[in-house]
Each structure stands twice: as structure tokens, then as C-alpha cells.
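Just so it is clear, none of the values below were taken in a lab; they were calculated from the coordinates. Keep in mind that this is a model prediction, so the values were computed, not measured. Here the Cβ positions follow ideal geometry from the backbone for every residue, glycine too, while neighbour counts run over all protein chains shown.
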Amino acid sequence: MKIKNTVFGIFLISAVVLSFVFSEIKQQFETIENEKYTIISQSLKERVKNLISDKQSSTLAIALTLSQNSNIVKAVKNEIFDDLVLKKISEDLKKLTDYKNVWIQVIDIKGNSLYRSWTDKKGDNLYDIRADLRELISTKQLKSSISVGIFSMTFKSMVPIFDKDEFIGVIEIITHFNSISKKLELDKLDSVVLTDKKFEKQLTHNITKQFIDGYYLANLENSPYYVSFLQRIGIANILDITDYRIIDDILVTYEKIKGIDGETLGYFVLFKKVADIEKADIQAFKFILILFIIVLILSILIFLFLLRSHEKSKIIKINLEHESKLNSKLNEQIQIITEEKNLNRNILDSQSNLVILSDGKALIDANKATFNIISQKETLENFLKEQKCICDYFVDIGDSNYIFSKYVEELTWLEYIAKNKNMKSKCAIEFNAKLHHYKINVNPFSYYGKDIFIVTLDDITHEVEITEALKSEIKESKKKDLMLQQQSRLAALGEMIGNIAHQWRQPLSAITTSITGLKLKKEYDIMENDDIEKTADDIIKSANFLSKTIDDFRNFFKKDKIIEDFYIDEVIQNTYNIIKASYQNNLVEIDFEMEHIGYRGYPTELSQVVLNILSNAKEALVARNKDDRYVHIKLKTSPDCIQISIHDNAGGVDEEIMEKIFDPYFTTKHKSMGTGLGLYMSTQIVKGSFKGNLYIQNEDIVYNGKSFRGANFIVELPIQQKDDDSNEQNI
């Protein structure tokens with residue numbers, strides 16, 4: 001009876017103790033699980049922030065690179081776009097980067113849209129309806145932001161386009177959130193991007209056509225399951241979540257998407273299945289504690305029973321067998337935990353990026369990619385022994401955004417980056433006979449009162465190489481443009497030497513004739529008193545003409561490009577004077593019908609345009625017309641522009657080649673007679689230096705009572721306002 005009472009008392013005490021212990025354990029387990037889910041939700045939000053920041057930086061980098069592309073600069077200057085060039089750029093971005101849906105828009109300095117990659121619409125003015133565009137045109141400073149327009153919520157980067165130091169337009173790059181969601185899917189993380197419901201009426205041309213409770217779904221591809229999930233739960237309930245919430249065995253959290261001024265534009269809602277969360281360590285810890293308590297209680301019971309009687313030996317034996325089984329299960333759980341740790345290590349080592357755990361002074365742990373680099377530099381034992389840092393391998397490449405030393409501004413490089421999160425810090429490490437570039441991310445946290453840093457170095461070498469290749473292409477394009485200009489100038493110089501010969505032939509002949517006549521009069525003794533004076537006057541007159549010809553040609557080939565005030569009719573007349581002798585020798589008659597018009601610009605360049613057209617007209621007349629060679633020049637002002645018309649009667653230009661005559665290297669002459677650069681450079685001068693236009697028409701012209709067909713080259717210059725800046729400047 002006493003034994004029964006003792007046993008009953010022991011069981012009763014054990015039940016009370018177990019009840020209390022299990023209650024405490026359950027509370028501790030809930031606390032541990034809540035802390036783990038909180039850390040996971042914070043980690044997911046931080047990852048989304050980094051991806052959004054990376055997307056903004058990449059979008060701006062694309063805009064900066066394209067703003068220096070020579071083809072785009074030339075197209076903006078000429079307001080003529082070759083769709084093939086911009087389509088090739090878009091295709092290259094799709095092939096070489098993660099950005100599959102990049103929108104490109106080119107805008108001129110007045111706010112007119114010159115090109116949109118996503119639509120054929122162009123020519124509309126955006127200046128009055130977009131404050132950000134007005135600010136950029138005013139300040140000429142680049143802008144990068146997240147914004148909501150009429151289509152969707154997007155990343156937007158606008159960069160001014162300059163031709164040398166002249167502001168000529170704006171390039172705008174627009175990217176979307178799709179690539180971020182794709183990257184998250186690789187980590188078994190689903191997402192839905194929502195635009196705030198205050199923009200519902202603004203999204204008049206939205207792309208996805210999907211709204212939930214007034215919130216627009218910005219991604220092109222959304223999981224039907226999570227769309228239904230949000231409709232069932234309600235967006236308002238989702239946005240009430242503080243850290244996270246477990247709904248239907250799914251961890252739900254979100255990160256706000258903010259604009260440049262801090263305004264909330266939308267929400268990045270994240271979903272992580274609880275089954276995918278690596279929580280084996282918590283489950284194992286629970287099981288180990290439970291087994292430990294059971295084993296402890298059983299051991300106490302066994303000990304008490306042994307004290308009570310030998311008869312309880314059978315019970316002790318049974319309990320020992322149970323204890324053995326429990327220990328076996330305990331070992332199994334320890335093995336599971338070990339395998340889980342090995343799995344985590346394998347996942348970490350499979351990453352191509354460098355992942356480092358550090359206390360700010362020395363390396364604590366790292367993944368395989370990091371140790372591979374260290375092993376190429378020195379032995380791992382020596383690295384750990386001397387408490388070296390991965391930063392010891394950083395290379396100084398002369399870029400202020402690159403970290404290359406252990407201390408920056410009296411802080412360790414990790415403390416400096418953690419303190420300046422807005423800076424896009426990078427580094428360069430040389431290994432495998434190649435310089436690799438990395439973007440540095442530092443996430444500090446406290447572990448048992450000690451500051452620990454998780455450092456990731458993302459390899460951006462491919463992106464850097466693409467940027468350098470684009471810069472090289474731009475540089476090569478500029479070299480080609482310079483070569484064209486040099487060839488055109490050499491061709492013009494050759495023509496000028498011929499014109500000098502024509503101009504000098506007559507005055508030199510007159511000088512020779514005057515001297516010969518004077519000599520003959522002296523030999524025959526018929527010289528009169530005023531013959532020497534008259535002959536000297538004739539020679540001085542011819543010499544002055546020769547001197548003026550030299551001045552005309554020197555002015556034509558002045559190297560300085562200077563804005564100055566001039567009269568257009570005087571420039572035309574002076575230009576004709578250069579080629580006048582050639583016209584007279586080839587029996588080409590010319591007449592002028594010109595208004596006296598003042599202008600501000602580059603008279604030497606305008607003279608080059610007129611000379612090219614006059615030279616072409618003379619050569620066409622000599623080649624086609626034996627008689628009746630005629631050129632008519634007309635200068636007049638219309639309400640829209642100032643028009644210079646140079647009209648010959650040489651039969652006109654073949655309609656099949658009319659569109660090609662302004663192309664570089666196109667010529668109908670023999671290759672020994674011309675380079676095909678004259679008219680090309682003329683149209684570049686009119687459009688680039690004067691913001692005007694040059695074109696050709698075949699029209700009838702009347703000369704000596706006869707009607708002829710001829711080519712009419714028309715130069716149109718914009719009307720200048722009276723308050724235009726009149727200060728001279730060297731270009």
C-alpha cells in the first residue's frame with residue numbers, strides 16, 4: 001500500500017512539474033519562432049530595397065551611356081531618327097542585361113518628343129504637362145526617380161544630351177519592376193507590386209488592366225493564386241501588417257515604394273511559404289528539449305524506484321530501454337541539424353558572389369568563392385593568422401566610388417559603407433589575370449552585444465565591360481566625324497587653289513601687258529610723259545586686286561568659329577567674288593535679287609555653303625549646256641524664315657538620286673573630280689550651326705526669253721528675335 005501511495009505521489013508531482021515545464025517551453029518556442037519570422041521579414045524587405053536601388057542605378061547608367069552615343073546626338077541635332085539604331089540598342093540591352101522591357105524617349109530642348117520606343121507617337125509637346133522635364137531643361141541636371149504616370153509605376157532616368165558644350169535635348173529611360181520580381185522568384189519568393197489607389201484616376205492608359213480595391217497591379221505577370229489571395233484578404237488588411245503575418249501558412253509582409261520626395265507611391269507585397277522557410281533548427285531544438293526533460297524525469301523515476309525496492313528493477317530495465325530509444329532519436333535529430341547546417345553551407349558556397357561574415361576587424365566566415373580568391377593570393381592559414389581583410393586585395397583604379405583601403409575617413413571600410421548607405425560603393429579585385437569589379441553591400445547587426453557585418457560583393461564586371469565598350473564606340477564615332485570634316489576641308493582647299501588661279505590670271509596678264517607696252521614704247525622712243533604714271537596706276541590697281549583676292553581667301557579659311565553680326569547679301573556677294581573668275585571664264589552669267597538682311601551667326605560657314613552650291617551649279621552647266629549658262633540668286637524674308645535660293649538652268653537633278661545627293665561620299669562626278677562631301681557638309685552646317693534647313697527642287701527658270709529646267713537649292717534660316725544674345729563667343 002505504501003509503495004502504491006509513493007508511486008502515486010511521484011506521478012502526481014511529475015505531472016505538475018511537466019505541466020509547468022511544458023507551459024514554459026511552449027511560451028519560449030513561440031518567442032523564438034516569432035523572432036525568427038521577424039528577422040526573415042526584415043531580411044526580405046532589405047533585399048527588396050537593395051534590388052530597387054540597384055534597378056534605379058542601372059536605369060541611370062543606361063541613360064548616361066546613351067546620352068553620349070554619337071548616333072543619338074547626331075539624330076537629336078538633325079531631328080532625323082534612324083529607328084534601326086535605337087532598335088539595335090534596345091536589342092543589345094535585352095541580350096546583354098536583365099532588362100527586357102526598356103522604354104526609350106528622346107526629347108528636344110523645347111520639350112517636343114522626337115522618338116518613343118514603345119509607340120509611333122511623336123512630335124507632341126511635353127513641356128507644359130511635365131514639371132520634371134521643365135526643371136531638367138532649366139537646370140540641365142540629370143534626374144532619376146520612381147514615379148507614376150498614365151501607363152504604370154516605373155523607374156525613370158532623364159539625362160541631358162550635349163553636343164560638345166551645347167545642350168541639345170534630353171534622353172529618358174523608363175524601366176519596370178518585372179525584373180525585380182523575377183530575381184525574387186529564384187529565391188522562392190513571390191511578390192505583387194501595387195500602385196497606391198490615389199493614382200487610380202491618373203492611370204488612364206494602364207498596361208495590365210488589373211485593379212484590386214483601387215490599387216493597380218504594376219507587374220506584367222502576376223500569380224493568379226496571389227491575385228485571388230489579395231482579393232480575398234483585402235488590400236487594407238494587408239497594409240495593416242506591422243512586421244509580418246502568417247496567413248494560410250504563408251508569411252506575408254510588404255515594403256513601401258517611395259518617390260524622390262518621400263511620397264508613398266506603392267507597395268511591394270511579399271509572400272514566402274512557411275514550408276520553404278528553413279526552420280529545422282527551431283524544430284530540432286524543440287524536440288531536443290522535450291526529449292531531455294523526458295529523459296530527466298524518467299531518470300528520476302528510475303532512481304526512486306531503485307531506492308524503493310528491488311522489485312522495481314524490471315521497471316528500471318524497461319525505462320532504460322526507453323531511454324536508449326530516446327537517445328537514439330536524439331542522435332538522429334542531431335544528425336538532421338548537422339545536415340541542415342551542411343545544406344546551408346552548400347547553398348552559400350554555390351553563390352558566385354562573395355559573401356563574408358566579419359566583426360569589422362577580421363574575417364569570421366566566408367563562402368567558397370571568397371576563399372578561392374584568397375587562396376590565389378596566399379595560404380588561408382597565413383591570411384587568418386595575420387587577421388587580414390579582403391580589402392587588402394582591393395585595387396585603386398582612380399575612381400572615387402571605389403573603396404581601396406582598410407580605413408576611409410578614420411572609419412573602417414565596413415563602418416564607412418554602413419554609415420553611408422546612399423553611396424554606391426564598389427571595389428576592384430585582380431585575380432585569374434583579370435580585373436573584376438564588385439558592388440559592395442554591408443548589413444550590420446548585433447549578435448550577443450557584438451557588432452557583426454554581413455558583406456556581399458556582387459560581381460558587376462560584365463556591366464562595367466559593356467559600359468566601357470559603349471564609351472569606346474562613342475569615341476570611335478567622334479573620330480569618324482572629325483575625319484569627314486577634315487576631308488571636306490581638304491576638298492574645299494583644292495577647289496580654292498583652282499579659283500585663285502582663275503582670279504589671278506587676268507590681273508597678272510594685265511600687269512604683264514602694261515609692262516610690255518611701256519617697254520615697247522621706250523624702245524621705239526614714243527613714250528609720253530604720263531605713260532609711266534598711267535602704267536604704274538594700272539599695275540597698282542591689278543596688285544590691289546590680287547591683295548584683295550588673298551584677303552578673301554584668307555577670310556574663307558579662318559580657323560576660329562566665331563559668332564558675329566553680318567549681312568547675308570554681303571556674304572553671298574563676297575563668296576561669288578571668290579569664284580567670279582571661274583564663272584566668267586566658263587561664260588556663266590549670274591544675277592542677284594537680294595534684300596539687305598542682317599543676321600547673327602557664322603558668316604564663314606554660310607560662305608562655305610554658298611560656295612559649294614555655286615561650284616556644283618557651274619560644273620553642271622559646263623557639263624550639260626554649251627550655251628545659255630545662267631544662275632539666279634534670290635534672297636528674301638518670309639514670315640517663317642529667311643530664304644536663299646540658288647537656281648541654275650542645267651536641266652535639274654535626276655529624281656532617282658535626289659534623296660542621296662546630301663549623303664556623305666555620294667557624287668555623280670568622276671572620283672578625280674570630287675569627294676562627295678560638299679553637299680553633305682553643307683547640310684550639316686545649315687542644320688547644326690544655323691538650326692536651318694537645306695533642300696533641292698527641280699523647277700523651271702526663264703533666261704533670254706527661253707524656259708529651262710534647273711536645280712533650285714534652297715537654304716532656309718530661322719528668323720532671329722531682336723532680343724537674341726549679341727555677345728560674341730568662341731566655339
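How big is the range 111-231 by the Kirkwood estimate over distinct Cα pairs, in Å?
Details: mean 1/r = 0.0609 Å⁻¹.
Evaluated on the range 111-231, it is 16.4 Å.
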Entries in LYS143/LYS188; LYS88/LYS122; LYS94/LYS143 that, when Cα-Cα distance is taken, lie over 27 Å
LYS143/LYS188
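On alpha-carbon atoms, Rg over Rh for the range 677-722 using Kirkwood Rh? Can you show the working numbers first?
Details: Rg = 14.3 Å, Rh = 12.5 Å.
That ratio equals 1.15.
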How many nm separate the modelled label positions at ARG245 and LYS95, each set 7 Å beyond the Cα in the direction of the Cβ?
4.8
Pseudo-spin-label distance LYS258 to LEU142, built 7 Å along Cα→Cβ, given in nm, is 2.3
Over the range 128-183, calculate the relative contact order: mean separation of alpha carbon pairs under 8 Å at least 6 apart, over the residue count, as a percent.
25
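If the chain between SER23 and GLN42 were fully stretched, how many nm would it gain, using 0.36 nm times the residue separation less the Cα-Cα distance? Intermediate values should be presented prior to the final figure.
Working: separation 19, 0.36 × 19 = 6.84 nm, distance 2.89 nm.
Residue separation times 0.36 nm, minus the Cα-Cα distance, leaves 3.9 nm.
Which pairs in the list LYS87/LYS164; LYS479/LYS580; LYS95/LYS406 are over 32 Å apart, alpha-carbon to alpha-carbon?
Working: LYS87/LYS164 25 Å; LYS479/LYS580 36 Å; LYS95/LYS406 37 Å.
Flagged as over cut-off: LYS479/LYS580; LYS95/LYS406.
Just the Kirkwood number for the range 384-484, please: inverse of mean 1/r across all distinct Cα pairs, in Å, one decimal.
Numbers: mean 1/r = 0.0630 Å⁻¹.
Taking the inverse mean of 1/r over all distinct Cα pairs, the range 384-484 comes out at 15.9 Å.
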The answer for the net charge of residues other than TYR402 whose Cβ lies under 11 angstrom from its Cβ, with Lys and Arg +1 and Asp and Glu -1, is +1
Out of the range 136-169, which trypsin sites (Lys or Arg not before Pro) are coil in DSSP terms and have no more than 15 other C-beta atoms within 10 Å?
LYS140, LYS164
Multiplying the sequence separation of LYS385 and LYS421 by 0.36 nm and subtracting their Cα-Cα distance, what value in nm do you get?
9.8 nm
For a quick check of your reading of the filter: which chymotrypsin sites (Phe, Trp or Tyr not before Pro) in the range 79-154 sit in a DSSP loop and have no more than 15 other Cβ atoms within 10 Å?
TRP118, TYR127
How do the peptides 618-624, 328-334 rank, highest first, by the average count of neighbouring beta carbon atoms within 10 Å per residue?
618-624, 328-334
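Return the FRET efficiency for the residue pair ILE515, HIS596: r is the Cβ-Cβ distance, R0 is 51 Å, and the value is rounded to the nearest 0.05. Could the numbers behind the result be given before it?
Values: r = 41 Å, r/R0 = 0.80.
The computed FRET efficiency comes out at 0.80.
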Using a Förster distance of 60 Å, the FRET efficiency for GLN231-GLU465 (Cβ separation, nearest 0.05)
0.85
Sorted largest first, extent of the range 167-233 alpha carbons per principal axis (Å)
52, 33, 15
ILE32/GLU321 FRET efficiency (R0 30 Å; Cβ-Cβ; nearest 0.05):
0.40
For CYS641 and GLU221, calculate 0.36 nm times their separation in residues minus their Cα-Cα distance, and state this gained length in nm to one decimal.
146.0 nm
